Structure formats: C-alpha cells, structure tokens
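S.K.: First the structure, which I've put down as structure tokens, then a few questions once you've had a look.
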Amino acid sequence: MKPSTYFIICFCFILLLPYVIISAQTDKSWKASAQIVEKLSKENSGFNYYEDKVPNYTLPVILTSKDGLEIASSDLWNKIRRPEILELFRKNIFGRVPDTKYSETFKLLSLDSSVFERTATQKEILISIESGGKLLSFNLTLFTPNNVKQPVPSFLLIDPWFSESNTPRWKQKGNYWPVEEALARGYGMAIFDASQLDPDNFDNFKNGIHAILDKNPRPDDAWGTLAAWAWGASRCMDYLVTDRNVAADKIAVVGHSRAGKTALWAGAEDTRFAMVISNESGAGGAALARRRFGETVARLNSSFPHWFCTNYNKYSNNEIALPVDMHMLLALIAPRALYIDCADEDLWGDPHGSYISLYNAVPVFKLLGWNSSIPESMPPLNKQVISGRVGFHIRDGVHNMLL
C-alpha cells in the first residue's frame, strides 16, 4: 500500500467507522535511534534529546475539577471540567479571542466543474470579515468529487505557507495534500491561506485580523497568531456547513507543524469539527511541555513571540508551573475523532511525549462513551494504533507531512 493511500484510509476509518477498533502489534515499541539522538544533541546542544535526562514530572489531573470534584460523568465533564480546561488554555497559552462584533460574508470567486479531467469541482471562496469600517478577506479553496450525489465528508487543511509561492502548496507537493486521491475516494478537500488571515511574523499584532478585532491595550491573555488561524478555520467552517456538496457533520481539520498546533486548538474551541488531525505538532501542540524534550516553551516564546498569548512567557523554563499540559488539550477533542502523527527523525517535536499525551487523554474518551484504549507503550515504526476514536502513527522520515 503506498503511503498516501494509507493516509486516506486511516483518517477516513476514524471519521466514518468510529466503532471499529484496530490495534497495531506493539511487541516492539518505537524508540529513538541512538545515532539520531547523538547527531541532534551535537547540533542543538542546548536542548535535550535523551530520555534518561527528562525531568521528573507529575501531570495535572484531568478528571478532577479545580474545586476537587471528581468528574465521573459526561454531564460533569461538559458542564464543569471541559469549560475549566478550555479557560486555562485561553488564559495561559493560546489566548482569548476578543468579543468585538463583526460581520462575515462569503463570495464565490470562481467555480470550475471540470478539474482533474472533469472528475471534480473546484470552488474559490472569498471570506470577508468587517468590523468598525475595517475589512479583511482571505481565500478558501474547496474541491468536491463530481460522481458523488450526496454531501461528502471533507478535510480542511490549515496552510500558513500558502503565500510563500505563487503556486499553491498542494500543487507544489502533490503528496503533501493528496487532493486527487481523496476525491477519487469520495471525499472533499479544502485548504485556506492562514497567512492572509494573520502573517506569521511578529509585527506587534498591527496587521491581519488582530488589526480588525483587537481592543487596545491588548491584555496578557489576548490571542496570538495560532489562535487567529484557528479562528480562521472556524470561519471556513461557517462556509463549509452551507455548501450543499459538503457533509456538515463530517468535516475534519488538519494541520502540520505550527498548523498542527493550530488544528488542535481549532478543534478544542469549535466542536463542529468532527475530527482533528495533528501532524508533528510538537511543543505547544501534542507533546507534553513538562518533558522539556526537544523544543521547549522557552524556545517557542523566544523564537515565535506572536504565536501564543503573553501569559505563556511565565512558563519559559518553568513548565512545572503550567496549570495544564497538552494531554488536556487532546482531551478537549473528545468525544470527536483525534489522530496524532509523528516522524521518527523529528525528535525536536518529541514523538514519545506526543504519545504519552494521547495516552493520558484517553480516559476522557472513555468517560464520554467511546471504547478507546491504547497501549502504554508506543507502536513500532510505520505502524498505527487506532482504538475507538483515537489514533496514533509514527512513520520513518523527517519533519514534513509526507504521506
């Protein structure tokens, strides 16, 4: 089976057949290559790549409220604990979207029903946000198959690299976003240019959507760029649920690297997404912060000060003080489907820490009625573990969304 076929099958398996349990043989759990560990340690001597140097840590408890109440039912989770955790992430990591009023419009820029040898339709939609006389617009591209009569399950890719070339990323690297193969299998594929919504550079939040919606002065829990991109994914969802060719209740949000972090936050904030697929999201995404393995909170804040809220700086070299860790972010996706993907050579993104994070999020999926159960040890290289509505896969290779 070629890799891109594997990508589509495993993702769609979770989205459409959540009751099926598939478990990889885990008799040989993945471990980082000693040669890669040594190489990366020499290249980045200020960061840890050795498991035996991971500090001792205790994860914050998910299923106990801040008042000490045991969360033993879905009702208590939805009414008490989930809002508490969501608020902690808003306050301390991703930031809070301002309550500024705005209007939203959609404009169909083009429609071509003959793309890919007449097998699919391509739509270009302009999404515009207006507030206080200021306007910002960004593009959404949607492909749907022509030979399917009913609305189709669809995947929305967050792509902050879209504008780096005049050629869309999915055209630059066909295997990065396998549009044709997904269409042939009866799925819709959408992609939006996140850099149009907010540029990926520290501009003191003077451009993009922040310039439209922010209130001054910005508080320490004001939203950063990743939260803005996640908000943009929700605005794409606003359109997608109106499109008669898209199954509104079967839309997955997908992201790689920084966009993988964004996809997780988009799924946490917007429960309309039926599935979240986070590829090599690392620190600030699926990987546990307390492990301080590979990229750290301090590195994120120093290199990308615009990604998160200002409060996140309090936890640089002080991860133990975080009132949350990333297993709690993954738990916010429950009971919807969640798939975490890592790469063997991408130790900067801490594959082991990402798996431990997922493992510790599973109790929430169980609480909410899904028979999700993954082994404590990681699956072998190039094997997946899928159980209930959670899945994990570690592939060979470097940091990329190679399919």
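The values are calculated or read from the model by the stated rules, or taken from the named source; none is laboratory data. Bear in mind the structure is a predicted one, so any value in this text is a computation, not a measurement. Note that each Cβ is placed from the backbone with ideal geometry, even for glycine, and that neighbours are counted across all protein chains shown. Remember, those area values only see protein heavy atoms, side chains included, never the ligands or the DNA or RNA. Shrake-Rupley method; radii C 1.70, N 1.55, O 1.52, S 1.80 Å.
S.K.: Calculate, in nm to one decimal, what residue 317 and residue 366 gain on full extension: separation in residues at 0.36 nm each, minus their alpha carbon distance.
M.R.: 14.3 nm
S.K.: So what J values fall out for region 251-259 if you push phi through Karplus, 6.51 cos²θ - 1.76 cosθ + 1.60 with θ = phi - 60°, rounded to Hz, Gly and Pro as x?
M.R.: 10, 9, 9, 10, x, 10, 6, 4, 6
S.K.: OK, next. Which residue fluctuates most in the GNM of the chain (Cα springs below 10 Å): 355, 49, 102?
M.R.: In this elastic network of the chain, the residue with the biggest mean-square fluctuation among 355, 49, 102 is 102.
S.K.: Among 383, 79, 250, determine the one that fluctuates most according to a GNM of the chain built with springs between C-alpha atoms less than 10 Å apart.
M.R.: Fluctuation is largest for 79.
S.K.: Taking H as built 1.01 Å from N, whose amide H comes closer than 5 Å to the amide H of residue 155, not counting residues under 5 places away?
M.R.: Result for residue 155 returns 188, 189, 190, 252.
S.K.: Using θ = phi - 60° and the Karplus form 6.51 cos²θ - 1.76 cosθ + 1.60, what ³J(HN,Hα) does each residue of region 290-306 get, whole Hz, x for Gly and Pro?
M.R.: 5, 6, 6, 10, x, 5, 10, 4, 4, 5, 4, 5, 7, 8, 10, x, 8
S.K.: Follow-up question, since we're still on this one. Under 25 Å between alpha carbons: how many lysine pairs meet that in region 23-157, if sequence neighbours fewer than 8 apart on the same chain are excluded?
M.R.: For region 23-157, qualifying lysine pairs total 16.
S.K.: Something else about it: In a GNM of the chain with a 10 Å cut-off on Cα contacts, which of 204, 301, 48 has the highest mean-square fluctuation?
M.R.: Among 204, 301, 48, the largest GNM mean-square fluctuation belongs to 204.
S.K.: What accessible surface, in Å², does a 1.4 Å probe find on residue 113, ignoring ligands, DNA and RNA and rounding to the nearest 10?
M.R.: 70
S.K.: Another question, then. Write down, largest first, the equivalent ellipsoid semi-axes of region 74-141 in whole Å, where each equals the square root of 5 times an eigenvalue of the alpha-carbon gyration tensor. If you can, show how the numbers build up before the last one.
M.R.: Details: eigenvalues 266, 89, 21 Å².
Taking √(5λ) for each eigenvalue gives 36, 21, 10 Å, largest first.
S.K.: Please work out how much length the chain gains when fully extended from residue 400 to residue 146, using 0.36 nm per residue of separation minus the C-alpha to C-alpha distance, in nm with one decimal. Please report the intermediate quantities before stating the final value.
M.R.: Values: separation 254, 0.36 × 254 = 91.44 nm, distance 3.04 nm.
88.4 nm is the gain from fully extending residue 400 to residue 146.
S.K.: Among bridges DSSP assigns within the chain, what percent are antiparallel (round to 5)?
M.R.: Expressed as a percentage, antiparallel bridges in the chain total about 55.
S.K.: If I stretch the segment between residue 234 and residue 184 completely, what's the gain in nm (0.36 nm per residue apart, minus their alpha carbon distance), one decimal?
M.R.: Details: separation 50, 0.36 × 50 = 18.00 nm, distance 2.62 nm.
Once the chain is fully extended between residue 234 and residue 184, it gains 15.4 nm.
S.K.: Can I ask one more? What residue among 113, 151, 394 has its Cα farthest toward the positive end of the dipole of the chain, where the charges are +1 on Lys, Arg and -1 on Asp, Glu, each on the Cβ?
M.R.: Sorting the options by dipole projection puts first 151.
S.K.: Follow-up. Please grab the % of Cα pairs in region 280-403 that end up more than 25 Å from each other. Could the numbers behind the result be given before it?
M.R.: Working: 1889 of 7626 pairs.
Value for region 280-403 (Cα pairs over 25 Å): 25 percent.
S.K.: Another question, if that's okay. Under the Karplus relation 6.51 cos²θ - 1.76 cosθ + 1.60, θ = phi - 60°, what is the ordered set of whole-Hz ³J(HN,Hα) values for region 75-88, x standing for Gly and Pro?
M.R.: Values, residue by residue: 5, 5, 4, 6, 8, 10, 6, 4, x, 4, 5, 4, 5, 5 Hz.
S.K.: What is the sum of charges around residue 359, taking Lys and Arg as +1, Asp and Glu as -1, for the other residues whose C-beta is under 15 Å from the C-beta of residue 359? Write out the running numbers ahead of the final one.
M.R.: On the way: positive: 290, 291, 366, 389; negative: 325, 350, 376.
Around residue 359, the surrounding residues sum to +1.
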